[in-house]
Amino acid sequence: MATPVIMPRQGQSVESCIIAKWHKNKGDSVREGELLFSYETDKASFDEEAKASGVLLDVFFQEGDDVPCLTNVCVIGNPGESTAEFNPNAGAEAVAKPVEEKPAAVEAHAQEKSEEAFPVTAVEGDRIKISPRARNLAEKLSLDYRYAAASGPNGRIVEKDIITLKESGPVPTPAAKGEFAGQTMTGTGIGGRITTGDLNTVKVSDAAAMQPAQEAGPMFEEVKLTNIRKVIAKAMHHSISSTCQLTLNSSFDATDIMEFRKKLKDSKDRLGLENITLNDIILYAVSRTLMNHKDLNAHFLDDRMLYFRNVNLGVAVDTERGLMVPTVFNANHKSLNDIAREVKKLVKDCQSGNINPDLLKGGSFTVTNLGTLDIESFTPVLNPPQTAILGVNTIVQRAREVDGEIEFYPAMGLSLTFDHRALDGAPAARFLQELKHNLENFSVMLVK
Amino acid sequence: MPKSQYICPNEIRKSGWIKFTDIPVNQYSKTIEEEKANFSTEDFLRIYRDMTVIREFETMLNLIKTTNEYNGIQYNHPGPAHLSIGQEASVVGQAYILDKDDYIFGSHRSHGEILAKGLSAIEKLDDKELLEIMEKFFDGAILRVVEGKQKNKNDVKELAIDFLVYGTLAEIFARETGFHKGLGGSMHAFFTPFGIYPNNAIVGGSGDISVGAALYKKINKKKGIVIANIGDASMGCGPVWEGLCMATMDQYKQLWEGEYQGGLPYILNFFNNQYGMGGQTRGETMGYDMLARVGAGVNPEQMHAERIDGYNPLAVIDAMKRKKKILEEKRGPVLLDTITYRFTGHSPSDASSYRTKEEIEAWMEHDSLLTYRRELTKAGIAKDDKFEEILEATKELIAKVCKLAVDDNVSPRMNLVKNPNQIADLMFSNGRIEKMEDRECEVLMSKEENPRVQQISKKIRTGIQDGKPVPKNKVYQFRDAVFEALLDKFYTDPTLIAYGEENRDWGGAFAVYRGLTEALPYHRLFNSPISEGAIVGSAVGYGLCGGRVVVELMYCDFLGRAGDEIFNQLSKWQAMSAGVLKMPVVLRVSVGSKYGAQHSQDWTSLCAHIPGLKVVFPATPYDAKGLMNSALIGTDPVIFFESQRLYDIGEMFHLEGVPEGYYEVPIGEPDIKKQGKDLTILTVGATLYRALDAAKILEEKYGVSVEVIDARTIVPFNYDKVIQSVKKTGKILLSSDACERGSHLKDMAQTISEVAFDYLDAPPVVVGAKNWITPAYELEEYFFPQPDWIIDAVHEKIMPLKGHAAKNNFTVNEQLRINRLGV
Ligand SMILES: Cc1ncc(C[n+]2csc(CCOP(=O)(O)OP(=O)(O)O)c2C)c(N)n1
Ligand SMILES: [Mg+2]
């Protein structure tokens, strides 16, 4: 009997996955346990092994196709067996239409649009009132309908308002500029209809789609973006365009933590703590310090703040596929060793692409470290709706005057980006100051 | 109200007495010995055989209903089975002398009638006729099931009996091999080739339909008589009384002419089993004491009423012979009170809590199967073993047929998975038949001589000439358009008849029929009693027999009076017969105004809700004539709404004039009456003109270009033009004079929302009449949609109009408020 292979569902929030690579071709024979295909969600990639032996009778999707979870992807069976009944593309059209995924991380940001930018009349709660016709026209003209002045009944944006918007030109705010121009959208509504949800979530133009149709020029190589790249692009741009972020720079004397780390290394055989890194130490310090600065351990949601009772620490991880930010939940309750071990595992999973998508969200504060790459100072990009992110820099020797003498000490840079909408400069600076103090007196802090 | 009949005050005011003659009650008293002159031994025994077939058939159903088993055959039948065990002699006696050209109509309790009439027809038809009937019916589908299963392979009658019993049972069991593919079922089984016409689950439903069948026979000079078999309790049903009145109109004898003069070939027979369901008609729920008495109140002939003993088949045969003769002498109709009794309950779930065991047992002692057999044995007609042999053969027959009917392989049900449209395709016959029969049309003068035709020829056939409206007395009006279409058909289709209240002489309450009286003999155009139920019900009977008919309800508000006839009968028989019957009936319904709460309602939505009706509502002379022509060439029931506001209106859209010749406007196609690009207004009926007024204001004052579409038809409805328009304008308002709640416009708005959602710039908005009673004419502007309502609704819900100040409250809050209050 022919066996269909479905696209597995990875995590609750994942609705579809992209087939990254076929390891077998139609007609190949497959043994149970052999690699069939690799696929990726917006956050991670996975391998699918064959669960039956036989011949790969039919393949319903190609590399790069976005396949709804639980849809039949291919069929394994004996030569000659029929596969038509498994073909999701046959029959009801609805099945064949891949559902455009709604990346969960971005979904959460949907609420963050600034109300001030919209004509007040058109908004009810966080819904914009717009007729289907007007919405369609806006899409066709690639206009951000949020800038249309509503003239319909009950503050509804109607077709006429989009035409007016087009004639007067959309408001050229940074948000409007890149965010909507030339964007093609895929609807998640029935029959591919674009729902408000889509418009609110899909905010970044698809670079590939923006390319004018052209013969492949010899000047460059055109490579389609991976799903993860697209999501990162969206998230980054959303961050910059929808928040008021700025960065404070500072540094601290790393003598204490370096000595502490050296001790751990030396204690290798006795304690098994030799793998604790400077970064882990910083994460630990951050998790403790944040408890005194709730504005920085929070989500800013336009009209309200969510203050987290615990610290869910996002840790930026560089992987082959791009940036990933897994979360250490309740870091403030975890020991240094626990944090170090957990981070290690998260990094490994991210790099191998096997990270559970549910661990890629829920952070209340993020730490990103470019110090290993010799960066002395930078402006980390916020991960909204989080209100702050800490960048960790490399250690440089810095001179200072002590009792009339010049002495050198290892200075480690800290770059704190925060959202000025959520808090002001002084409280952010105070956090940085306390963190600096804690790190410079880390051994004391550990005892507290 | 013919002028020929002088109503003389001296005569009317004279004193005197109404005299009644005695009504016979169970007067039959012949012995078998005496009857030997009339019946052969075979005849006597066939009567017995027919009774046993019914008894065994009903016993089988009773067992299946109550024990899920008959003779080892397991079956569960969830549907109805109203049995007539105990009533066999009455039905066999009646059917005995009927031919296949004699039609019977029945009730929910008519299995016995079907079998008796079928067996009688089989006896009378020759083998060739029988084979042809069986071969032609559904291309022999039923025959294929039963053929080859007979003891004597050459016995066509045996085959035909199997066919009859099987077709009936398969129908009861909802099998596709039933007489109506299982769409009728127990209470609606029938088989027209044997003269068995629709049985009806509505008590008394056959009471008026059958009158139409009798009219069909009489007017089209068809052989045979028509019998309505209904129950004693149905005498309490309005439609039965209405049918009675229509069946006994004086005009048949006094005004109809030539060979058409004389009474209807019609017997209204009550199988009087003494009960409704549980209500006892004599002594409890009725006052007639003996039902036959009612005949005395209907006409001077007392309807030749008689009470006969339905427990003796020979008594029934005797009466039927005498009554049939009366009908042949055109002295009908006849009322029969055939007494009988059912041993089983009303239905198998009946606990018989309303009667005693002693009563049932006493009647069982009179069981006709026992008494008749005893009499025959006593008279030496046959010995016991002969009767046993008959009983044995009957049991075999019923067992054989039952086995076939429960077998899903030979008797499948409709496969709605494989053929999802099988029932849908039967809802309308969508035929085009110019004339239902090909023969001379009986008319009294040529069309050209007709005074109305001559008058119309002087009229201007367009409403606007040289940019100016044509004066009312010169313009070709809406009523002229309906008249022209009808007149034309009267000269094409010889079966076409028209009747209703004040149709003749008066010319219809709104002068549509003026000129028809001169053109047509009485039997083609006549006045009916004020019996809206029977007007429509008889039209159903006339139509399903194969005649074309146009009937009229003077006011839409009277539609409730014909509720069952429109909603259960006119609409359903085509599909319930699985396409065997056609329904070429046009019901003209005039929608009033000015006369207040019970004379001004637009009930198109009620009709639109009922599956199986075509519903049209033209608003212009051009559309009226074209749609009437389409209705009159079709084979489906069409409810043809006309607005009394529009009878005198001229043609404002086809300015080249309404064509004199024949043309059709397709049913189901809306019409764009005015082009526009910013807003669509869809109207039904007379509201069109108010919408056009609104459009003018919108255009001139607010610069909104309006497209106005006239629905013309409500069911069926092709949305293409409307959707195209909405794609263009993005906005639509719908308006009609129907009360807004439950208006069909809401249905249309919903459909448009679904189909054109992505093109809509505002929700479709419905402007209907208030959910109130219609007030007096002087206050109508506050009740029916007006141009300023339309504009206000546009302003409030679709597109705010610059500088517009609304006078009427079309806000959402008001909408919610009136809904909350139900007004
Ligand atoms: C209009 C209508 N009302 C009520 C019923 C429910 N009903 C079915 S049969 C019946 C009794 C009819 O009695 P009768 O006409 O004497 O016929 P019988 O059942 O005795 O043969 C009733 C009330 C119905 N089918 N139709
Ligand atoms: Mg009865």
In region B:174-205, residues that are part of a helix (DSSP H, G or I) and either within 16 Å of ligand 1 (Cβ to nearest atom) or surrounded by 24 or more Cβ atoms within 10 Å (Cβ to Cβ) (or both) total 4
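Do you know which residues across region A:128-155 are hydroxyl-bearing (Ser, Thr, Tyr) and either at positive phi or in contact with a Pro (Cβ under 6 Å, 6 or more places away or on another chain) (or both)?
Listed by number, the residues that qualify are A:Ser142, A:Tyr147.
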Discussion item. Among the acidic types (Asp, Glu) and free of Cβ contacts under 8 Å to residues at least 12 places away in the same chain: is that true of B:Glu396 in this structure?
Written reply: yes
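Residues checked against (1) assigned by TED's automatic domain parsing to the domain that holds B:Arg282; (2) modelled with pLDDT under 95; (3) touching a helix residue (DSSP H, G or I) at 6+ places or on another chain (Cβ under 9 Å):
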{"residue": "B:Lys324", "(1), (2), (3)": "yes, no, no"}
{"residue": "B:Thr344", "(1), (2), (3)": "yes, yes, yes"}
{"residue": "B:Tyr354", "(1), (2), (3)": "yes, yes, no"}
{"residue": "B:Lys357", "(1), (2), (3)": "yes, yes, no"}
{"residue": "B:Ala362", "(1), (2), (3)": "yes, no, no"}
{"residue": "B:His366", "(1), (2), (3)": "yes, no, no"}
{"residue": "B:Arg374", "(1), (2), (3)": "yes, no, no"}
{"residue": "B:Ile381", "(1), (2), (3)": "yes, no, yes"}
{"residue": "B:Lys395", "(1), (2), (3)": "no, no, yes"}
Of those in region B:776-800 that are outside any helix (DSSP H, G or I) and within 14 Å of chain A (Cβ to nearest Cβ), the residue surrounded by the fewest Cβ atoms within 10 Å (Cβ to Cβ) is B:Pro800
Within region B:364-381, residues being touching a residue at least 12 places away in the same chain (Cβ under 8 Å) and either within 14 Å of ligand 1 (Cβ to nearest atom) or of a type in the set (Asp, Glu) (or both) number 2
The condition of being assigned to a loop (DSSP other than H, G, I, E, B), more than 12 Å from ligand 1 (Cβ to nearest atom), assigned by TED's automatic domain parsing to the domain that holds B:Ser110 and under 27 Å from B:Val92 (Cβ atoms) holds, among B:Leu264, B:Leu268, only for B:Leu264
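Considering B:Pro666, B:Pro670, which residue is touching a residue at least 24 places away in the same chain (Cβ under 8 Å) and either surrounded by fewer than 16 Cβ atoms within 10 Å (Cβ to Cβ) or of a type in the set (Lys, Arg) (or both)?
The match here is B:Pro666.
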Filtering region B:217-268 down to residues that are touching a strand residue (DSSP E or B) at 6+ places or on another chain (Cβ under 7 Å) and of a type in the set (Asp, Glu) yields B:Asp232
Sole miss for A:Ile76 among (1) of a type outside the set (Asp, Glu); (2) at pLDDT 80 or above; (3) under 30 Å from A:Val347 (Cβ atoms) is condition (3)
Picked from region B:274-289 (must be without any contact (Cβ under 8 Å) to a residue 60 or more places away in the chain and among the polar types (S, T, N, Q)), the residue nearest to ligand 2 (Cβ to nearest atom) is B:Thr281
### Query
Within region A:283-294, is even one residue of a type in the set (Gly, Ala, Ser), part of a strand (DSSP E or B) and buried (at least 16 other Cβ atoms within 10 Å of the Cβ)?
no
>> Looking at region B:343-357, can you tell me whether even one residue there is within 15 Å of ligand 1 (Cβ to nearest atom), of a type in the set (Ser, Thr, Tyr), under 20 Å from B:Ser110 (Cβ atoms) and surrounded by 15 or more Cβ atoms within 10 Å (Cβ to Cβ)?
In response: yes
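Examine region B:278-291 for a residue that is within 16 Å of ligand 1 (Cβ to nearest atom), assigned to a strand (DSSP E or B), among the aliphatic types (A, V, I, L, M) and surrounded by fewer than 24 Cβ atoms within 10 Å (Cβ to Cβ), and state whether such a residue exists. Talk me through it step by step, then tell me what you get.
Start the filter on region B:278-291 by keeping residues that are within 16 Å of ligand 1 (Cβ to nearest atom), which leaves B:278-291.
Narrowing further to those that are assigned to a strand (DSSP E or B): B:280, B:282, B:286.
Filter once more, keeping what is among the aliphatic types (A, V, I, L, M): B:286.
If we keep only those that are surrounded by fewer than 24 Cβ atoms within 10 Å (Cβ to Cβ) as well, we get B:286.
Taking every residue of region B:278-291 in turn, at least one turns out to be within 16 Å of ligand 1 (Cβ to nearest atom), assigned to a strand (DSSP E or B), among the aliphatic types (A, V, I, L, M) and surrounded by fewer than 24 Cβ atoms within 10 Å (Cβ to Cβ).
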Exactly one of B:Asn229, B:Asn299 is modelled with pLDDT of 95 or more and more than 16 Å from ligand 1 (Cβ to nearest atom), and that one is B:Asn299
Checked region B:235-260 for anything within 16 Å of ligand 1 (Cβ to nearest atom) and either part of a helix (DSSP H, G or I) or not assigned by TED's automatic domain parsing to the domain that holds B:His304 (or both); matches are B:Met235, B:Gly236, B:Gly238, B:Pro239, B:Val240, B:Trp241, B:Glu242, B:Gly243, B:Leu244
Residues of region B:30-64 being of a type in the set (Phe, Trp, Tyr) and in a helix (DSSP H, G or I), in sequence order, are B:Phe44, B:Tyr48, B:Phe57
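Would you point out the residue of region A:132-160, among those that are of a type in the set (Ser, Thr, Tyr) and either more than 13 Å from chain B (Cβ to nearest Cβ) or surrounded by 21 or more Cβ atoms within 10 Å (Cβ to Cβ) (or both), that is farthest from B:Ala793 (Cα to Cα)?
The qualifying residue farthest from B:Ala793 (Cα to Cα) is A:Ser142.
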For strands (runs of 3 or more DSSP E) lying entirely in region A:34-80, having 2 or more residues that are under 25 Å from A:Leu225 (Cα atoms) and of a type in the set (D, E, K, R) picks out A:45-49
Just to be sure, is B:Arg514 surrounded by fewer than 24 Cβ atoms within 10 Å (Cβ to Cβ), in contact with a Gly (Cβ under 8 Å, 6 or more places away or on another chain) and part of a loop (DSSP other than H, G, I, E, B)? yes
Residue check, B:Ala213 outside any loop (DSSP other than H, G, I, E, B), within 16 Å of ligand 2 (Cβ to nearest atom) and either within 14 Å of chain A (Cβ to nearest Cβ) or closer than 27 Å to B:Ile566 by Cα (or both):
no
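If the requirement is being surrounded by fewer than 20 Cβ atoms within 10 Å (Cβ to Cβ) and more than 14 Å from ligand 2 (Cβ to nearest atom), which of these qualifies: B:Leu255, B:Leu264, B:Leu244, B:Leu335?
B:Leu255
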How many residues of region B:676-713 are over 40 Å from the mean Cα position of the chain (by Cα) and part of a strand (DSSP E or B)? The answer is 2
The strands (runs of 3 or more DSSP E) lying entirely within region A:341-446 that contain at least 1 residues which are basic (Lys, Arg) and touching a residue at least 60 places away in the same chain (Cβ under 8 Å) are A:388-402
Condition set within 14 Å of chain A (Cβ to nearest Cβ) and in contact (Cβ under 8 Å) with a residue 12 or more places away in the chain, scope region B:756-775, selection farthest from A:Pro153 (Cα to Cα): answer is B:Ala756
Listed by first then second residue, the pairs whose first member lies in region B:221-241 and is of a type in the set (D, E, K, R), whose partner is away from ligand 1 (no atom under 14 Å from the Cβ) and part of a helix (DSSP H, G or I), with beta carbons under 8 Å and at least 6 positions apart or on separate chains, are B:Lys221/B:Glu259; B:Lys222/B:Tyr216; B:Lys223/B:Lys217
If we ask which residues in region B:734-755 are assigned to a helix (DSSP H, G or I), more than 14 Å from chain A (Cβ to nearest Cβ) and not charged (D, E, K, R), their number turns out to be 6
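The values are calculated or read from the model by the stated rules, or taken from the named source; none is laboratory data. The structure presented is a predicted model; accordingly, all values stated were derived computationally and were not measured. No Cβ is skipped: glycine too gets one built from the backbone with ideal geometry, and neighbour counts run over all protein chains shown.
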